[in-house]
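**Student:** I have a structure I would like to understand better, so I am pasting it below and will then ask my questions one at a time.
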Amino acid sequence: MVQATTSKFSTTKQSLGIRRMALGLMVAVAGTLAVSAWAHDHGPRGGGDMGGHGMFMGHGGHMGRGLDRMLDSVNATDAQRAQIKQIAQTAAADLKAQRDATRGQREQGLALFTAPVVDARAVEALRVQRLAQHDQSSKRMTQAMLDISAVLTPEQRVKLGESLKQRAQQRQEHMQRRGAASAPAK
């Protein structure tokens, strides 16, 4: 009985480690590419966790200043810049197509919710469809991150990782300050 509990705990601990690793990978992907295609819909100052059009994407889907800043921060060569910009552009185009496909899912979800009788099976089918779409986007972002990692040197990747950690910490501190400022007075 004790062995079964230990085994279960071990599996849970491994699962947590895998989830943390996957989350870290996704943060790296988001930071490296920041091809947050959905941010394009929120305007230059609105929504999106990367600030407006995403860290690297500018108006109309062309490469933004964020990508150039990232490449400057790691002292990328002209050849590296060209390769990485091509990878990011291709990934952004793929993700935009995927994002466009999800617009109908949101409308479908609203229609299901506001129907006189909510069809639980249809809602579940839509949920599964959304998960599949999210998985497809995640795979595409991961592939772009791997492609970019092959272009950068190990030293450049370490330098970029440190920069992304610092940026994440700054965002977290900013969100904490915003939360404290908007909290009701006691």
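The values are calculated or read from the model by the stated rules, or taken from the named source; none is laboratory data. Predicted, not measured: the structure shown is a model, and the values here were computed from it. Reconstructed Cβ throughout: ideal geometry from the backbone, glycine too, with neighbour counts over all protein chains shown. We work out accessible area using only protein heavy atoms, side chains counted, and drop any ligands, DNA or RNA first. Shrake-Rupley method; radii C 1.70, N 1.55, O 1.52, S 1.80 Å.
**Student:** Restricting attention to the stretch 104-117, which residues are open to solvent by less than 80 Å² (accessible area, probe 1.4 Å) and in contact with a helix residue (DSSP H, G or I) (Cβ under 8 Å, 6 or more places away or on another chain)?
**Tutor:** Gln105, Gly109, Leu112
**Student:** Something else: Restricted to the stretch 85-122, and to residues that are polar (S, T, N, Q) and either over 30 Å from Gly66 (Cα atoms) or outside any helix (DSSP H, G or I) (or both), which residue is nearest to the chain's Cα centre (by Cα)?
**Tutor:** The extreme case among them is Gln105.
**Student:** Continuing with this model, one more query. Show the residue pairs that are 6+ apart or on different chains and have beta-carbon atoms under 8 Å apart, the first residue being within the stretch 108-129 and within 22 Å of Gln98 (Cβ to Cβ), the second being open to solvent by 70 Å² or more (accessible area, probe 1.4 Å) and outside any helix (DSSP H, G or I).
**Tutor:** What qualifies is Leu112/Val118; Leu112/Asp119.
**Student:** Let me ask another. List the pairs whose first member sits in the stretch 140-159 and is buried (at least 19 other Cβ atoms within 10 Å of the Cβ), whose second member is of a type outside the set (A, V, I, L, M, F, W, C), and whose Cβ atoms are under 6 Å apart, counting only residues at least 6 apart or on separate chains?
**Tutor:** Arg140/Asp94; Met145/Thr32; Ile148/Thr32
**Student:** Name the residue that is modelled with the highest pLDDT, counting only residues in the stretch 42-78 that are open to solvent by 80 Å² or more (accessible area, probe 1.4 Å) and of a type in the set (D, E, K, R).
**Tutor:** Checking each candidate, the answer is Asp78.
**Student:** Here is a list: Lys139, Lys159. Which entry is in contact with a Ser or Thr (Cβ under 9 Å, 6 or more places away or on another chain) and among the basic types (Lys, Arg)?
**Tutor:** Within the list Lys139, Lys159, the selection yields Lys159.
**Student:** Please determine, by comparing only the residues of the stretch 161-186 that are more than 21 Å from Arg69 (Cβ to Cβ) and outside any loop (DSSP other than H, G, I, E, B), which one is least open to solvent (accessible area, probe 1.4 Å).
**Tutor:** Gly179
**Student:** Still on this structure, please answer the following. Going through the stretch 123-160 one residue at a time, which ones are of a type in the set (S, T, N, Q) and part of a loop (DSSP other than H, G, I, E, B)?
**Tutor:** Across the stretch 123-160, the qualifying residue is only Thr153.
**Student:** Within the stretch 79-103, can you find the residues that are open to solvent by 40 Å² or more (accessible area, probe 1.4 Å) and farther than 16 Å from Ser149 by Cα?
**Tutor:** Once the filter is applied, which keeps residues that are open to solvent by 40 Å² or more (accessible area, probe 1.4 Å) and farther than 16 Å from Ser149 by Cα, the stretch 79-103 yields Ala93, Asp94, Lys96, Ala97, Asp100, Ala101, Arg103.
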